[in-house]
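Just so it is clear, none of the values below were taken in a lab; they were calculated from the coordinates. Since we're looking at a predicted model, the values are computed, not measured.
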Amino acid sequence: MKKILAALVLSLAVSVTAFAKEEVWQYNQFTTIDMSSAKISYPAGMQTLTFHTVEKAGDSTDYCTYVYNVDEQTIQLKEMVTKTKKSKYKSSFYPESIKNGNNVIKARARMADEVLQKVLEKLNK
């Protein structure tokens with residue numbers, strides 16, 4: 001009976017780990033993307049991707065919501081909640097042109113495009 005219970009617990013742990021790996025993508029050493037939050041919508045007929053990240057650097061953690069407008073080629077950090085040991089604050093930014101954006105904007109757009117490709121792959125399965 002103990003062996004059966006141990007096998008059941010082990011298989012459950014493996015299943016949960018496999019599920020978690022699909023839902024959370026470690027994009028790089030600083031950024032984790034919640035793939036379950038990645039949604040494509042079509043406001044005003046334009047393909048738009050929204051997704052959430054957790055970005056850690058030093059003692060601060062940023063909880064971010066991105067909006068990537070594929071048709072207009074803009075990326076927006078719609079909401080960023082920054083938590084440190086001593087404080088918590090919220091920021092938001094306007095959509096930025098990817099074409100005319102700086103290196104940070106271009107890097108965020110590359111990340112958003114990779115998320116979009118993963119979402120489209122999942123939808124086409």
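A few notes on this one:
- Per-region count, segment 80-125, residues over 18 Å from the mean Cα position of the chain (by Cα), part of a helix (DSSP H, G or I) and within 16 Å of Thr50 (Cα to Cα): 0
- Leading residue by the ranking (farthest from Lys99 (Cα to Cα)) among those in segment 58-79 that are acidic (Asp, Glu) and in a strand (DSSP E or B): Asp62
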